[in-house]
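The structure appears right after this line, and notes come after that.
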Amino acid sequence: MAAPSQQKVNTRALCDAPLIESSGVWSKEARMMASARAQASGLPQRRDEYWKYTRPDAFVHADVTLQASQRSSLGLFDQRATISVAFEDGQIQAAALPSAAHCTLESLSSASGLDLHWARDIYGHLEAAGQKPVQRSLAAVNTAVAREGLLVNVTGAVAAPIHIQATSSGQSDSTIHHVIKVAPGAEVTVIETGQYGARSNIVLEVDVADGGRFQHIRVQDGNERHMLTHIFGKIGAEAVFKTFTLTAGGQLTRNECVLQLLGDDASVSVAGACLGDGDFHHDDTVFITHDAVNCESRQVFKKVLRNGAVGVFQGKILVKAGAQKTDGYQISQSLLLDDDSQFLAKPELEIYADDVACSHGSTSGAIDVQALFYLRSRGVPEAKAIDLLTLSFVAEAIEEIEDSDLAQDILDHLTNTMSAQ
Amino acid sequence: MLNIKNLHVKLEEEDKQILKGVNLSLEPGKVHAIMGPNGSGKSTLSYVLSGKGGYEVTEGAAQLEGVDILDMEAEERAAAGLFLAFQYPVEIPGVGNMTFLRTAVNAQRKLRSEEEMSAGEFLKVVRAKAKDLKIDAEMLKRSVNVGFSGGEKKRNEILQMAMLEPKMCILDETDSGLDVDAMKLVSQGVNALRDENRTFLVITHYQRLLDHIKPDVVHIMANGRIIKTGGPELALEVEQNGYADLLEEIA
């Protein structure tokens with residue numbers, strides 16, 4: 001039975017007076033509107049179809065004072081030249097953000113106080129567009145009260161990836177809102193590693209203009225944490241949008257990704273791999289809307305689960321009338337390493353155009369005994385053989401990463417993570 | 001090298017006896033061939049010896065250099081020097097052939113408490129051996145057996161054998177799915193590994209493989225037993241007359 005306090009959004013939190021007062025005109029307006037959206041829709045409830053497999057109260061009432069767990073992704077990508085931005089307990093750890101050619105980096109906390117800012121056309125707008133047909137009130141809450149985030153304006157091809165490294169002392173409850181604007185023909189790669197807080201509510205809004213390219217690689221780690229993320233993407237003609245997430249820890253992770261293909265000949269890929277062991281609940285919820293001609297979308301999710309870990313996948317492709325020549329692909333698979341783990345999948349297609357190719361598949365399986373015997377017959381011990389077959393299982397998701405160096409880093413990281421277990 | 005005594009094996013899941021008292025004694029340096037009709041138990045014998053699950057040994061023993069192997073894990077048997085070249089090598093997407101080979105070589109060394117092979121040394125050795133088998137760098141880089149032709153898969157099996165340097169090699173229908181050229185290449189690979197300390201057990205349906213890999217001893221297996229043992233001429237006899245005469249002989 002849901003407690004009454006769960007029904008309503010805590011309005012005092014949404015009318016954070018000091019935050020609103022210190023906000024400039026553009027952000028004040030966005031926050032007030034988001035606050036109204038959140039209050040109108042209320043917090044997600046257990047009976048909500050969109051939260052069928054993940055209890056929203058597990059996030060809403062998560063303990064935010066847990067001790068921090070070790071980051072396993074420390075040092076990952078260190079050998080690559082990156083533009084580094086550090087977050088500690090939800091605060092950007094630098095008086096001045098790094099500068100790089102073809103992009104500007106700003107913090108939400110400082111930009112929020114300005115009267116006018118380029119982010120005003122994106123901040124909260126993509127999130128608002130993503131509230132239909134399903135309400136995502138926790139994302140609206142984020143827009144209303146986020147105090148920090150990275151705002152990146154990309155005007156050309158940025159040579160090195162921007163690397164957001166988040167750390168947490170474990171006593172934190174972080175609400176972070178990033179905005180990335182990719183100009184026509186511009187290119188950027190954004191990497192996110194670590195954990196923002198014991199509980200974190202993260203929104204990433206990405207506007208990729210015609211011919212732009214956006215690549216996103218995310219590594220979520222830390223054991224004792226609860227995390228809800230939303231990516232809202234708006235993709236223009238001939239643009240490319242790719243996001244990959246590796247999750248190797250955390251009690252609760254729900255990654256929502258809401259993309260709108262608004263220009264012809266664009267392509268998007270949303271991929272993820274997770275390794276879940278024990279107290280681990282991992283939910284990928286994806287909604288891709290095709291609203292233009294000849295666009296491609298791919299969803300590739302691989303979940304490795306053991307000792308009672310739970311994997312969830314809810315993925316939808318909506319092809320609007322007129323979005324002809326759509327090529328939609330969706331695969332979600334789980335590798336269950338024992339009988340205690342479970343995978344819950346709800347793939348959906350909703351198609352209003354008649355000349356489209358959409359395929360979807362979902363499977364659950366155990367380790368292939370024939371392959372296991374093959375490896376062991378070559379002298380590979382059982383545990384190591386299972387690791388290799390696990391790598392084999394997640395390979396298709398990792399192959400979605402465009403940059404082969406970064407893909408190799410992810411693969412090496414996975415190998416190390418497994419051998420450390 | 002390998003001594004099999006009165007080996008009885010049934011399927012674990014059902015009450016079906018497959019091997020009904022196999023006796024074999026394989027000396028170092030020799031090539032033994034086993035021929036026999038479908039369902040005679042040839043592949044089961046190779047699986048039971050190399051440690052595949054799903055079988056239950058109800059009677060008998062198998063010793064590799066005097067050590068019982070039937071209670072060992074598959075990887076321990078491999079480290080002890082046993083190798084099975086699969087009839088159907090398994091595809092493992094996403095795991096590079098080189099990674100797989102190096103993992104196997106070093107895992108065996110570790111099990112034997114030997115020093116692991118360095119990356120540089122491994123690369124040198126694997127390149128030389130791959131060249132002999134006409135396996136190019138591209139094939140080494142690709143995922144294990146993924147997209148390989150039948151011939152490439154079998155050559156890859158022989159490359160693994162060459163890298164792991166086992167004492168006891170079992171080849172399970174290595175000729176299946178091979179054209180004439182591929183069979184020559186694979187046979188050359190096997191012949192190059194023949195030496196006085198290494199023993200081969202070649203399982204095949206057809207005599208033609210034995211034209212390339214010349215056996216010292218030929219065994220005929222039927223209904224879970226070795227029914228006849230002889231020299232290379234026995235294989236020719238089977239080729240000409242089939243198994244029917246032999247089966248009648250013992251009936």
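When the helices in chain A are scored as -39500 (n - 2.57) per DSSP H run of 4 or longer and the sum is shared across all residues, what 222 nm value do you end up with, to the nearest 500 deg cm²/dmol? Walk me through the numbers on the way to the answer.
Values: 11 runs with 97 residues, N = 421.
It lands at -6500 deg cm²/dmol.
Got a number for carbon plus sulfur as a percent of the stretch A:26-126's accessible area, 1.4 Å probe? Walk me through the numbers before you get to the answer.
Numbers: 2690 of 5320 Å².
Looking at the stretch A:26-126 in its full context, I get 50 percent from C and S.
Not counting ligands, DNA or RNA, and with a 1.4 Å probe, what is A:H61's accessible surface area in Å² rounded to the nearest 10?
Spelled out: A:H61, probe radius 1.4 Å, area about 110 Å².
For the residue pair B:Q188 and A:S169, what label-to-label distance in nm results when each label sits 7 Å from Cα along the Cα-to-beta-carbon direction?
7.0 nm
Using a probe radius of 1.4 Å on protein heavy atoms only, what is the accessible area buried between chains A and B, both sides summed, to the nearest 100 Å²? List each step's numbers first, then the result.
Numbers: alone 16960 and 12090 Å², together 27120 Å².
Rounded to the nearest hundred, the buried surface is 1900 Å².
Using modelled backbone amide H atoms (1.01 Å from N, in-plane), which distant-in-sequence or interchain residues come within less than 5 Å of A:I180's amide H?
A:V152, A:E205, A:V206, A:D207
Nearest 10 degrees, 0 to 90: what angle lies between the long axis of helix B:180-193 and the longest principal axis of chain B (Cα atoms)?
Helix B:180-193 sits roughly 80 degrees off the main axis of chain B.
Would you kindly compute the Cα radius of gyration of the protein assembly as shown and its largest Cα-Cα separation (Dmax), both in Å?
Expressed in Å, the Cα Rg and Dmax of the protein assembly as shown come to 30.5, 102.
What Rg and what Dmax come out for the stretch B:129-183 when only alpha-carbon atoms are used, in angstroms?
When restricted to Cα atoms, the stretch B:129-183 yields Rg and Dmax of 11.2, 30 Å.
Which residues, if any, in the stretch B:63-97 lose at least 40 square angstrom of accessible heavy-atom surface (probe 1.4 Å) when the other protein chains sit next to their chain rather than the chain being alone?
B:E75, B:F86, B:V90, B:I92, B:G94, B:V95
In whole percent, how big is the carbon plus sulfur part of the accessible area of the stretch A:163-299, probe 1.4 Å, protein atoms only? List each step's numbers first, then the result.
On the way: 1120 of 2850 Å².
Its accessible area is 39 percent carbon and sulfur atoms.
How big is the gap, in Å, between the Cα center of the stretch A:379-421 and the Cα center of the stretch A:72-128?
First find each Cα centre; the distance between them is then 30 Å.
Counting every Cα pair in the stretch A:99-250, what percent are over 22 Å apart? Let's see the in-between values first.
Details: 4480 of 11476 pairs.
Value for the stretch A:99-250 (Cα pairs over 22 Å): 39 percent.
If you project the alpha carbons of the stretch A:268-319 onto the principal axes, what extent comes out on each, in Å, largest first?
Sorted from largest, the Cα extents of the stretch A:268-319 read 45, 13, 7 Å.
Considering every Cα-Cα pair within the stretch A:6-367, what fraction, in whole percent, is farther apart than 34 Å?
Values: 13529 of 65341 pairs.
Of all Cα-Cα distances in the stretch A:6-367, 21 percent exceed 34 Å.
Among residues other than A:V356 whose Cβ falls under 12 Å from its Cβ, what is the net charge (Lys/Arg +1, Asp/Glu -1)? Walk me through the numbers on the way to the answer.
Values: positive: A:K320, A:K325; negative: A:E296, A:D327, A:E350, A:D354, A:D355.
That works out to -3.
Solvent-accessible area per residue for the stretch A:252-405 at a 1.4 Å probe radius, Å²? Write out the running numbers ahead of the final one.
Values: 5160 Å² over 154 residues.
On a per-residue basis, 33 Å².
Would you be so kind as to list the residues of the stretch B:105-137 that have their accessible area lowered by at least 20 Å² in the full protein complex compared with their chain by itself (1.4 Å probe)?
B:A107
With point charges of +1 on the Cβ of Lys and Arg and -1 on the Cβ of Asp and Glu, referenced to the Cα centre of the protein assembly as shown, which listed residue (B:G177, B:A107, A:L151) lies farthest in the positive direction of the dipole?
Working it through, the farthest residue towards the positive pole turns out to be A:L151.
Would you mind getting the accessible area per residue of chain B, heavy atoms of the protein chains only, 1.4 Å probe, in Å²? Don't skip to the end; give the middle numbers.
Values: 11190 Å² over 251 residues.
Normalised by residue count, the accessible surface of chain B is 45 Å².
Rg and Dmax in Å for chain B, alpha carbons only: what are they?
Calculated on Cα positions, Rg and Dmax stand at 18.0, 59 Å.
Which longest uninterrupted range of chain B lacks any GluC sites (Glu not before Pro) assigned by DSSP to a loop state (not H, G, I, E or B) and surrounded by at most 15 other Cβ atoms within 10 Å? Mind showing how you got there, number by number?
Values: sites that count: B:E12, B:E13, B:E14, B:E65, B:E73, B:E114, B:E115, B:E116, B:E196.
That would be B:117-195.
Counting only other chains, what is the mean number of Cβ atoms within 10 angstrom of the Cβ of each residue in peptide A:364-377?
Numbers: counts 0, 0, 0, 0, 3, 3, 4, 5, 4, 10, 12, 11, 12, 17.
Mean partner shielding for this stretch: 6.
In whole Å, what are the Cα extents of the stretch A:102-192 along the three principal axes, biggest one first?
36, 34, 28
In whole Hz and in residue order, list the ³J(HN,Hα) couplings for the stretch A:319-326 that follow from phi through the Karplus curve 6.51 cos²θ - 1.76 cosθ + 1.60, θ = phi - 60°; x for Gly and Pro.
10, 6, 4, x, 7, 6, 6, 5
Counting only protein heavy atoms and a 1.4 Å probe, tell me what percentage of the stretch B:2-250's accessible area is made up of carbon and sulfur.
Values: 5080 of 11050 Å².
The value for the stretch B:2-250 is 46 percent carbon and sulfur by accessible area.
How large is the convex hull of the Cα atoms of the stretch B:163-217 per residue, expressed in Å³ as a whole number?
Enclosed volume per residue, from the Cα hull, is 85 Å³.
From the cross-link list A:K52/A:K303; B:K10/B:K30; A:K384/B:K52, which pairs have alpha carbons spaced over 26 Å apart?
Violating the 26 Å Cα-Cα cut-off are B:K10/B:K30.
Which whole-number value in Å² is the accessible area per residue of the stretch A:112-206, probe 1.4 Å? Mind showing how you got there, number by number?
Numbers: 2740 Å² over 95 residues.
Roughly 29 Å² per residue, with all protein chains present.
The values are calculated or read from the model by the stated rules, or taken from the named source; none is laboratory data. Since the model is a prediction, treat every value here as computed from it, not as a measurement. So basically every Cβ, Gly included, is an ideal-geometry build from the backbone, and we count neighbours across all protein chains shown. To get the accessible areas, we keep the full protein, side chains included, count just its heavy atoms, and leave off ligands, DNA and RNA. Shrake-Rupley method; radii C 1.70, N 1.55, O 1.52, S 1.80 Å.
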